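One structure below.
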Amino acid sequence: MSKSATLRSPEVLNRVIFARLMPLLIAAYILAFLDRSNIGMAKERLEIDLGISATAYGIGAGLFFLTYAVCEIPSNMIMHKVGARWWIMRIMITWGLISAAMMFVQGEWSFYILRMLLGVAEAGLFPGVMYYLTKWFTVKDRAKANGAFLLGVSIANIVGAPIGGVLLTMDGFLGLHGWQWMFLIEGVPACFLALLVWKFLPDSPKQAKFLSAEEAEWLESTIDAEEQAGASGASNHRLADIVRDPQILLVVGVYFGHQLAVYALNFFLPSIIGGWGELSSIQIGLLTAIPWVFSAVGALLLPRFAKTASTSKKIALGSMIGIIVGFIIGALGGPVLGLIGFCLAAFNFFALQPILFTYPATRLSGVGLAAGLALVNTVGLLGGFLGPYIMGFMEDVTGSGVSGLWLIVGVCIIGAFLIPFLKQGHESNAEEAQNSGSTQPPTNSEK
């Protein structure tokens with residue numbers, strides 16, 4: 001559409017932006033999550049071929065999140081200055097090369113080092129995209145956009161486990177182990193997709209060829225007014241305000257429990273399923289994919305209803321309860337009932353997460369918003385480090401692959417008690433403006 005075209009309705013604009021941006025972003029996150037989590041399929045072979053214990057595996061799986069977390073805030077602040085297109089491309093190329101280099105792992109220490117380097121390389125992708133989406137979608141449509149992006153996690157696990165299972169059968173081809181082929185073949189595509197990001201991802205609405213000048217101006221002014229009103233209501237004007245805002249800290253607490261659950265299941269579900277009987281790597285891969293199909297359904301169905309503050313809170317609380325119940329069933333049940341429990345937990349994973357990331361976006365603005373989103377993800381991702389470690393440690397101590405689930409259930413219960421206290425910036429007025437269906441840029445009085 002030419003830059004001189006007339007202004008389309010907000011609903012039409014939202015659909016156009018969604019269609020132009022989300023497929024590329026989802027594809028990027030599919031590869032990102034595939035490359036950070038494919039070691040779940042390689043766990044048993046790493047133990048056999050390299051002698052890496054369950055505890056060492058859990059440490060290596062979690063070390064990714066340690067370096068990822070340390071680098072997230074500076075990464076997001078760099079993206080704020082240089083733009084999403086260049087920075088996301090850089091992230092994708094470096095993580096693709098390092099992920100492929102996992103094929104050279106020789107033991108525990110090389111495993112640890114490459115996982116830490118992968119964390120450095122990929123740092124900033126998720127919070128960077130969360131920040132990027134705040135520049136394209138208004139508050140009432142943001143949870144839906146966030147949820148669509150998180151489809152990448154579900155799709156990566158749906159296709160990644162079966163593909164990983166097939167690649168593991170290449171064991172011995174050209175003198176390489178199957179897990180070496182898996183890391184190589186799944187790492188390289190990120191470098192090629194990075195070039196498409198550079199070519200087709202606009203940094204801002206004003207650079208988008210599919211929007212008119214009037215549409216880009218309206219969208220940016222509308223979103224800027226929402227940000228400023230929210231930050232003003234929450235009194236968050238500086239970076240230091242972020243760590244003093246009780247609401248941001250509440251989001252961090254809830255997100256920590258959520259990440260414990262997600263990554264515990266992500267990294268240990270294949271080995272849990274493998275313990276249910278004599279199964280081939282392909283069968284384990286197919287069964288591992290089933291809960292992630294349900295996670296995709298949840299991401300598509302639930303976040304779209306989170307248009308108001310009260311509805312968002314109800315969906316978030318119900319989702320956390322669903323995760324808790326699902327993990328309890330998974331820990332107590334056998335192969336059939338346990339898989340049903342994990343499906344229930346996974347269904348709620350990405351109903352909760354996209355809603356959580358709408359809260360900082362209603363309380364922060366500018367560079368503070370970029371840093372705040374990164375902070376939430378940084379602290380929350382400590383759960384990504386501890387989840388695999390807890391699961392591996394408890395497996396070594398008890399001999400049971402599901403014993404660590406009980407500690408994770410306890411943390412998630414605490415998170416469920418925190419959710420009712422969450423509030424969006426200047427919540428009551430923001431909800432009133434959303435319910436009014438106004439298509440004009442909001443003013444401070446409206447917020």
Percent of Cα-Cα distances greater than 28 Å, calculated over the stretch 131-272: 46
For the chain, calculated [θ]222 nm from helices alone, where every DSSP H run of n ≥ 4 adds -39500 (n - 2.57): -26000 deg cm²/dmol
5 Å binning of all Cα-Cα separations within the stretch 275-360, expressed as whole percents from 0 upward: 3, 16, 22, 21, 15, 10, 7, 4, 2, 0
Cβ crowding within 10 Å averaged over residues, with 369-382, 95-108, 61-74 ranked highest first: 369-382, 61-74, 95-108
Percent breakdown of C-alpha pair distances by 10 Å bin, ordered from the shortest bin, for the stretch 114-199: 14, 33, 34, 14, 4, 0
Distance from the stretch 127-191 to the stretch 295-342 (C-alpha centre basis), Å: 21
Theoretical gain in end-to-end length, VAL367 to MET170 [0.36 nm per residue, Cα-Cα removed]: 66.2 nm
Between 0 and 90°, nearest 10: helix 151-168 axis offset from the chain longest Cα axis: 20
Lysine pairs with alpha-carbon atoms under 18 Å apart, the chain, spacing 8 or more or separate chains: 22
Dipole magnitude (debye, nearest 20) for the chain, charges at Cβ of Lys, Arg, Asp, Glu: 840
The chain - convex hull of alpha carbons, volume per residue in Å³: 121
Label point at VAL336 placed 7 Å out along Cα→Cβ; residues across the stretch 253-282 whose backbone nitrogen lies under 19 Å: 273-279
Listed peptides 121-128, 48-55, 75-82, 286-293 by packing density, highest first (mean Cβ within 10 Å): 121-128, 286-293, 75-82, 48-55
Cα-derived Rg over Rh, computed across the stretch 1-130 with Rh taken as Kirkwood radius: 1.13
Protection proxy ranking, peptides 200-206, 301-307, 267-273, average beta carbon neighbours within 10 Å, highest first: 267-273, 301-307, 200-206
Estimated inter-spin distance, LEU196 and ILE48, nm [label 7 Å along Cα→Cβ]: 3.5
Added length on full extension, which subtracts the Cα-Cα distance from 0.36 nm per residue, LYS209 to SER221: 2.5 nm
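No lab work stands behind these numbers, since they all come straight from the coordinates. In this text the structure is predicted, and so the values were computed from the model without any measurement. Every residue, glycine among them, receives a Cβ derived from its backbone with ideal geometry; neighbour counts consider all protein chains shown.
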